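One structure is given here, and the rest of the page talks about it.
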Amino acid sequence: MTTPNSADTGPGRVLADASRRLTPTPLGWGVVKRSRGDRIFRGLAESSGALIIVLIAAIGLFLLMRAIPALSRNRVNFFTFGGNWSTTNTEAMRFGVFDLLQVTMMVALFALVLAMPIALGIAIFLSQYSPRRVVGPLAYIVDLLAAVPSIIYGVWGLFVLAPRLRPVATWLNQHLGGIFLFATGNASVSGGGTIFTAGIVLAVMILPIITAVTREVFMKTPQGHIEAALALGATRWEVVKTAILPFGRSGYFSGAMLGLGRALGETIALLIILRGTQAAFGWSLFDGGYTFATKIAATAYDFNNEYRAGAYIAAGLVLFLLTLVVNAMARAAVAGRTVR
C-alpha cells in the first residue's frame, strides 16, 4: 500500500491545480474558461456597443447622401456664406451655414457661462452644506427643471422673462454699446427676441443637467480625503477647495459639456424667443438670428422638395458633426484631467 505523497495532496496540490487553470489575460491573471452566461452577456454587451456605432454612422451617411444633391446646386460657399438664404430657385440655390454656426455657438456659450457657476454653487451646497433632511427635496426640485417641456420655457421666456429683462438689456445696450458683445444688435431690445434673452432661458434649461452630474461626482469624494483635511484643521470651505473640487473637477467639466450639447440642439424654446433675421450677425448679445435647429424647424414647409430639403439637411449634418466634435473634445479633456 502506497502512502500519498505530500506533493500530490494538501495545499500544494490545490495551488498547483489552480495555477494550471489560471493563465495571463489582458486584464491580469484570470480563468480562461468562462461560463455560458458570461459568454452570452459579453456578446450582448459587445453587440450593443457595435449597434451604437452603426446607428451613428448610418445617421451621418443618410444626412450626407441627402445633402449632396442640394450642395451640388449651391452657387455660394456653403461654409462661408452668411447672407440671404435662398432655396426658391432649385437650379441656383444660395445657402450657407456661417451665420447659423455663429448664432448657435454664441447662444450656447452664453448660456453655459451663466449656468456653470450657478450649477457649481448648487452642487456644493447640496453635497456639503445643506442639512440632510432637505437635500432630497432640493435636489428633486432642481431635477424637475429638466422635466419642463421646451415650449413652456419658450413661452415663459418671451412673455414673462423678456419684459422683466428689458430694463437691464436697455441699460447694457446704452452704457456698454461700444464694447464687444454689448454693441447694438440687429434685433429690437424692447421685443426681447435677442440672444441675451434666449441665452438666459437656455441657461435655466441646462442648469439641472450640469447640477445633477456635478452633485453626484462631489458626493463620491472619498471620505478619507475629507477626514484628512478636517484632521489638519481645515474649515468647511477649505475642505471643499482642497478635497471636493480637485476630485470632482472632471465630473463638473463633463456635466458642462453635456449641457453644451443640450444647448447646441435646443429648438422649440429658441424658435419662440429668438427673432429670426437675415441681417449679418455681429457677435452681439442683442443680435437675433437663426441657430441650426431653429432654421430647420422654422422652414419645415420647404421639405416637400428634394433639393430645398437637402439644403436644410446639409445644415443638420454640420450640427451633427459639431455635436460629435464637442463630445469628443469633452471626453479627451476629462480623460486628461483624470490622468493628471
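The values are calculated or read from the model by the stated rules, or taken from the named source; none is laboratory data. The structure displayed is predicted, hence computed values, not measured ones. All Cβ positions, even for glycine, are placed from backbone atoms using ideal geometry, and neighbour counts span all protein chains on display. Areas reflect the complete protein model, heavy atoms only, side chains present, ligands, DNA and RNA absent. Shrake-Rupley method; radii C 1.70, N 1.55, O 1.52, S 1.80 Å.
Quick notes
- Ala228, sole failed condition from (1) open to solvent by 60 Å² or more (accessible area, probe 1.4 Å); (2) farther than 30 Å from Gln174 by Cβ: (1)
- Scan of segment 78-92 for residues that are at pLDDT below 90 and crowded, with 16+ Cβ neighbours inside 10 Å, ordered by number: Phe81, Gly82, Trp85, Thr87
- Scanning segment 101-145 for residues being more than 30 Å from Tyr307 (Cα to Cα), β-branched (Val, Ile, Thr) and buried (at least 17 other Cβ atoms within 10 Å of the Cβ) gives a total of 3.
- Check on Leu109, closer than 12 Å to Gly289 by Cα, modelled with pLDDT of 90 or more and not in a loop (DSSP other than H, G, I, E, B): no
- Test: Phe98 is open to solvent by 50 Å² or more (accessible area, probe 1.4 Å) and closer than 24 Å to Lys295 by Cα: yes
- Filtered by the rule that a residue be open to solvent by 10 Å² or more (accessible area, probe 1.4 Å) and not in a helix (DSSP H, G or I), segment 189-220 gives Val189, Ser190, Gly191, Lys220.
Let's see how each residue does on (1) without any contact (Cβ under 8 Å) to a residue 60 or more places away in the chain; (2) in contact with a helix residue (DSSP H, G or I) (Cβ under 7 Å, 6 or more places away or on another chain):
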{"residue": "Ala115", "(1), (2)": "no, yes"}
{"residue": "Gln128", "(1), (2)": "no, yes"}
{"residue": "Pro137", "(1), (2)": "yes, no"}
{"residue": "Ile141", "(1), (2)": "yes, no"}
{"residue": "Ser150", "(1), (2)": "no, yes"}
{"residue": "Leu158", "(1), (2)": "no, yes"}
{"residue": "Leu161", "(1), (2)": "yes, yes"}
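- The residue list Tyr140, Tyr153 contains one member that is among the hydroxyl-bearing types (Ser, Thr, Tyr) and either outside any helix (DSSP H, G or I) or modelled with pLDDT of 90 or more (or both), which is Tyr153.
- Subset tally (residues that are surrounded by 15 or more Cβ atoms within 10 Å (Cβ to Cβ) and modelled with pLDDT of 80 or more) for segment 156-180: 9
- Residue count for segment 227-239, restricted to those that are assigned to a helix (DSSP H, G or I) and more than 14 Å from Ile124 (Cα to Cα): 5
- Filter pass, Gln128 being farther than 13 Å from Thr211 by Cβ, within 18 Å of the chain's Cα centre (by Cα) and not hydrophobic (A, V, I, L, M, F, W, C): no
To keep it simple, each residue is scored yes or no on (1) over 21 Å from the mean Cα position of the chain (by Cα); (2) at pLDDT below 85; (3) farther than 18 Å from Met105 by Cβ; (4) basic (Lys, Arg).
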| position | (1), (2), (3), (4) |
| --- | --- |
| Leu270 | no, no, no, no |
| Gly276 | yes, yes, no, no |
| Gly282 | yes, yes, no, no |
| Gly310 | yes, no, yes, no |
| Thr323 | no, no, no, no |
| Val339 | yes, yes, yes, no |
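- Within segment 51-77, the set of residues being closer than 16 Å to Leu322 by Cα and either open to solvent by 50 Å² or more (accessible area, probe 1.4 Å) or not in a helix (DSSP H, G or I) (or both) comprises Ile56, Ala57, Ile59, Leu61, Leu64.
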